[in-house]
Amino acid sequence: MRDHAPNSWENRADRFALYGFTDLPSVQSRGAVVVTHGEGPHVVDVHGRRYLDANSGLWNMVAGFDHPGLIAAAQAQYARFPGYHAFFGRIADRTVELSERLVEVSPFDRGRVFYTNSGSEANDTMVKILWFLGHLEGHPERRKILTRWGGYHGVTAVSASMTGKPYNALFGLPLPGFIHLTCPHHWRFAAAGESEEAFSTRLARELEATIIREGPDTVAGFFAEPVLGAGGAIPPPKGYFQAVAPVLKRYGIPLISDEVICGFGRTGEVWGCQSCGFMPDAIIASKNLTAGFFPMGAVILGPGLADRVQAAAEKVEEFPHGFTASGHPVGAAIALKAIDVVLNEGLIDNVRRLAPRFAAGLAALMDRHANIGEWRARGLMGALEAVRDRASKAPFEAGLSVSERIANSCIDHGLICRPLGQAIVLAPPFIMTDAQMDEMFDKLDAALARVFAEVA
Ligand SMILES: *Cc1c(COP(=O)(O)O)cnc(C)c1O
């Protein structure tokens, strides 16, 4: 697959790109997949090979790679007004429209929206909002942030500190005051015989014990993805948010829903918090906010936090925060269209329609392969967990790089999917057809058979 000519795309990529989140042995032996464009749910590489992208790019290209309505919305806004900021009391009309629309489609009856260029910056911004509130409300010690192991909240110094992944130690992170609770993955972390409900109750007790240990007055907020995304597409155990939310309420700690993946339909509901049955105090959005057509993130504050931030800002006559491209009018125009495409042009309906077929396809692969220990799904996000032994849940030896091998074998079959720990994660675009979904599972089946035969 790799073109070995010195000036091939693969060699130029190796020479000039610093690959992020990339398994270097794989990319060095096989070469990067250098893509030129996409067609619906497929991408095409520099050699003209087509791949069905079972991850919607990086979760975000939910309307596919060439949606004409989104391209037209971008082109029209570029022609009309190609860029502006949102500082000093200036703001683009499209940005005002998007803010109004986001509050309207949010679970809140009113609120305020702040824009960033990414999900990481949106989480970073939310933390700064909580710190700002602490200072201006007379509780400057209220700074600690609670998240979970396996939670992914981004890569800036603050959002990486929130992310519960071991690689952050390579950067000397987390920063002080970022505390990680047990990952809510029942299959992996429940005690023998512990029900999902009992596991959830135990995790809520751990949360309360942590708040008391740290001092309730020092905790600024709790951030959670409704369904863990980059932790491995892990839906919460039954009763989790119903157990956790009252604890937070008791201590007056805001619950922030990081909906960068779940927001706008991924779980089959508009918001993951709706799918998981809880009401957050604020929502973090990005990725599919623009269906991946523009880098944009948003903090959507519910009424309580919106009022408090507004009051705090009025005390000092401004909220001193913002990015040059916050609320970019082209991003806003694209987001307005993306929300319309997902909610009103049948995409979320297709997620709901496909979800049972998606779950059934994952379950069938587990039936066919003894080395799958768990399948899990919510809406159109799901995963298969590879194991050496299903009964003991013993993983494959790390040196075998089983999930990387499966993903590489998928590439050979014309399918892009994502290795994550020992899991393979799938997040198909919302435009997928039944036939494309069947093709995805057939290709994955062939890759699993090949790799499990090699490592058995
Ligand atoms: C991707 C992601 C982020 C970070 O977004 P970036 O745009 O990559 O900075 C934050 N939270 C969640 C849940 C994500 O999946």
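The values are calculated or read from the model by the stated rules, or taken from the named source; none is laboratory data. Not measured: the values here are computed from a predicted model. As a convention, Cβ positions derive from the backbone with ideal geometry for all residues, glycine included, and neighbour counts pool all protein chains shown. What goes into the accessible areas is simple: the full protein's heavy atoms, side chains included, and nothing from ligands, DNA or RNA. Shrake-Rupley method; radii C 1.70, N 1.55, O 1.52, S 1.80 Å.
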List, please: which pairs have Cβ atoms under 9 Å, are six or more places apart or on different chains, and start with a residue in the stretch 308-325 that is in contact (Cβ under 8 Å) with a residue 12 or more places away in the chain and end with one that is open to solvent by 50 Å² or more (accessible area, probe 1.4 Å) and assigned to a helix (DSSP H, G or I)?
Ala312/His135; Phe319/Gln310; His321/Lys128
Index of the failed condition, Ile179 passing every other in (1) more than 16 Å from the ligand (Cβ to nearest atom); (2) under 26 Å from Trp271 (Cα atoms); (3) free of Cβ contacts under 8 Å to residues at least 40 places away in the same chain; (4) open to solvent by 30 Å² or more (accessible area, probe 1.4 Å):
(4)
Could you check how many residues of the stretch 250-268 are part of a strand (DSSP E or B) and among the hydroxyl-bearing types (Ser, Thr, Tyr)?
1
Here are some conditions: (1) farther than 23 Å from Arg30 by Cβ; (2) surrounded by fewer than 19 Cβ atoms within 10 Å (Cβ to Cβ). Ala398 meets all but one. Which one does it not meet?
(1)
The stretch 56-71, subset within 16 Å of the ligand (Cβ to nearest atom) and open to solvent by less than 20 Å² (accessible area, probe 1.4 Å), residue nearest to Ile411 (Cα to Cα)
Ser56
Return the only residue of Ala391, Ala407, Ala398 being of a type in the set (A, V, I, L, M) and modelled with pLDDT under 95.
Ala398
Restricting the stretch 241-258 to residues that are out of contact with any Leu (no Cβ under 9 Å at 6 or more places or on another chain) and open to solvent by less than 30 Å² (accessible area, probe 1.4 Å), which is farthest from the ligand (Cβ to nearest atom)?
Ser257
Kindly evaluate Glu374 against the criterion of being crowded, with 17+ Cβ neighbours inside 10 Å, charged (D, E, K, R) and in contact with an Asp or Glu (Cβ under 6 Å, 6 or more places away or on another chain).
yes
Identity of the residue in the stretch 35-55, among the small types (Gly, Ala, Ser) and in contact with a Phe, Trp or Tyr (Cβ under 8 Å, 6 or more places away or on another chain), that ends up farthest from the ligand (Cβ to nearest atom):
Gly40
Reported set for the stretch 114-137 where residues are surrounded by fewer than 21 Cβ atoms within 10 Å (Cβ to Cβ) and within 21 Å of Gly89 (Cα to Cα) is Asn117, Lys128, Phe132
Any chance Thr163 is modelled with pLDDT of 95 or more and either within 12 Å of the ligand (Cβ to nearest atom) or exposed (fewer than 15 other Cβ atoms within 10 Å of the Cβ) (or both)
yes
Is at least one residue of the stretch 84-97 of a type in the set (A, V, I, L, M, F, W, C), more than 19 Å from Thr290 (Cα to Cα), within 24 Å of the chain's Cα centre (by Cα) and open to solvent by 50 Å² or more (accessible area, probe 1.4 Å)?
no
Taking the stretch 84-136, which residues are in a loop (DSSP other than H, G, I, E, B), within 16 Å of the ligand (Cβ to nearest atom) and not small (Gly, Ala, Ser)?
Asn117
Taking the conditions exactly as written (over 20 Å from the mean Cα position of the chain (by Cα) and either in a loop (DSSP other than H, G, I, E, B) or among the aliphatic types (A, V, I, L, M) (or both)), does Arg142 satisfy them or not?
yes
Are there strands (runs of 3 or more DSSP E) fully within the stretch 349-427 with at least 2 residues that are closer than 26 Å to Arg50 by Cβ and not assigned by TED's automatic domain parsing to the domain that holds Cys262? List them.
381-386, 418-420, 423-426
Among Ala298, Ala312, which is the only one that is in a helix (DSSP H, G or I) and open to solvent by less than 10 Å² (accessible area, probe 1.4 Å)?
Ala312
If Leu289 satisfies every condition in (1) more than 12 Å from the ligand (Cβ to nearest atom); (2) closer than 24 Å to Asp340 by Cα; (3) open to solvent by less than 40 Å² (accessible area, probe 1.4 Å) but one, which is the exception?
(1)
Restricting the first residue to the stretch 51-72 and requiring it to be β-branched (Val, Ile, Thr), which pairs with a second residue that is open to solvent by 10 Å² or more (accessible area, probe 1.4 Å) and modelled with pLDDT of 95 or more meet a Cβ separation below 7 Å and a spacing of at least six or different chains?
Val62/Leu347
